[in-house]
Amino acid sequence: MTKLRTERKLALPITTARLRLREFVLADFDAIHAYSSDPRVTKYLFFGPRDADGTADYLEGLLESQRELPRTRFELAVEEIASGRVIGACDLSVIERNVVDLGYMLGIADWGKGYATEIALALAEAAFHDLRAERIISTVDVNNQASIHVLEKVGMRWEAVFRKHRRAKNRWWDCHFFVLPREVWELAKERLDAEQG
Ligand SMILES: CC(C)(COP(=O)(O)OP(=O)(O)OC[C@H]1O[C@@H](n2cnc3c(N)ncnc32)[C@H](O)[C@@H]1OP(=O)(O)O)[C@@H](O)C(=O)NCCC(=O)NCCS
């Protein structure tokens, strides 16, 4: 049977040099709770820090989202291959036709190792290839320097600043809006291939 043009399937797990991005399972509860209950991790996230009930609700919701058809939310565990530890989460969400939102978070012990950059590059490849995205977008709090730097490192372009983008955790959030259009990604890849001969 011919495949529907709208069918979108993310090939999982996604494997990078050091990480495996895979579906979450119930047994990941403790690992998820460890980073999402940490206020340093959730400082620039609209949610959290979560208590145990909050983590349980979140995990239940994301396990349900794995069964959605068509699936629009791909929230994945970030597993360090060498240790087998779940060190964070990342996600691709189809927010409208051919537009995919990208995000990531890691436990603080694993910051500064280049992992978020590795994750974002792999997610971008998967979004353009598997989900047939035309644009990848990401919004980030204007003060979240580490994340802004990751988005820039993977070639995302600053497009706008949204003043009072959202109200969460008793404050208004000013956010930068970053975009990676497919043609920019393809050009960057061509250039890289040429450089590598
Ligand atoms: C954002 C986050 C995922 C980055 O993870 P990471 O694995 O440390 O990121 P990387 O190591 O790939 O890259 C971070 C870059 O930002 C730089 N950086 C880190 N903190 C910085 C700061 N305060 N100011 C400027 N640059 C900073 C690092 O030096 C690095 O750049 P370099 O490779 O040129 O040295 C991590 O800090 C995190 O989980 N934060 C909490 C959740 C979050 O904010 N998620 C993003 C929501 S949009």
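Residues considered: 84, 103, 107, 88. Of these, the only one that is free of Cβ contacts under 8 Å to residues at least 60 places away in the same chain, surrounded by fewer than 21 Cβ atoms within 10 Å (Cβ to Cβ) and within 16 Å of the ligand (Cβ to nearest atom) is 103. Number of residues in the range 110-126 that are away from the ligand (no atom under 11 Å from the Cβ) and in contact with a Phe, Trp or Tyr (Cβ under 9 Å, 6 or more places away or on another chain) equals 4. Just checking, does the range 43-54 include any residue being within 15 Å of the ligand (Cβ to nearest atom), among the charged types (D, E, K, R) and either on the phi < 0 side of the Ramachandran plot or more than 17 Å from the chain's Cα centre (by Cα) (or both)? Yes, that holds for at least one residue.
A search for C-beta distances below 7 Å between a residue of the range 149-177 that is basic (Lys, Arg) and any residue that is surrounded by fewer than 12 Cβ atoms within 10 Å (Cβ to Cβ), counting only pairs 6+ apart in sequence or on different chains, returns 164/172.
Here is a check on your reading of the model: is residue 184 surrounded by 14 or more Cβ atoms within 10 Å (Cβ to Cβ) and either free of Cβ contacts under 8 Å to residues at least 12 places away in the same chain or of a type in the set (A, V, I, L, M) (or both)? Against the criterion (surrounded by 14 or more Cβ atoms within 10 Å (Cβ to Cβ) and either free of Cβ contacts under 8 Å to residues at least 12 places away in the same chain or of a type in the set (A, V, I, L, M) (or both)), residue 184 qualifies. Looking at 182, 135, just one residue is in contact with a Pro (Cβ under 9 Å, 6 or more places away or on another chain) and away from the ligand (no atom under 13 Å from the Cβ), and that residue is 135.
Counting only strands (runs of 3 or more DSSP E) that fall entirely inside the range 22-130 and contain at least 2 residues that are small (Gly, Ala, Ser) and in contact with a helix residue (DSSP H, G or I) (Cβ under 9 Å, 6 or more places away or on another chain), the qualifying elements are 86-96.
Throughout, read-outs are computed from the coordinates displayed, never taken from laboratory work. Bear in mind that the values here come from a model prediction, so they are computed numbers and not experimental data. In this analysis, Cβ positions are derived from the backbone assuming ideal geometry, glycine residues included, and neighbour counts consider all displayed protein chains.
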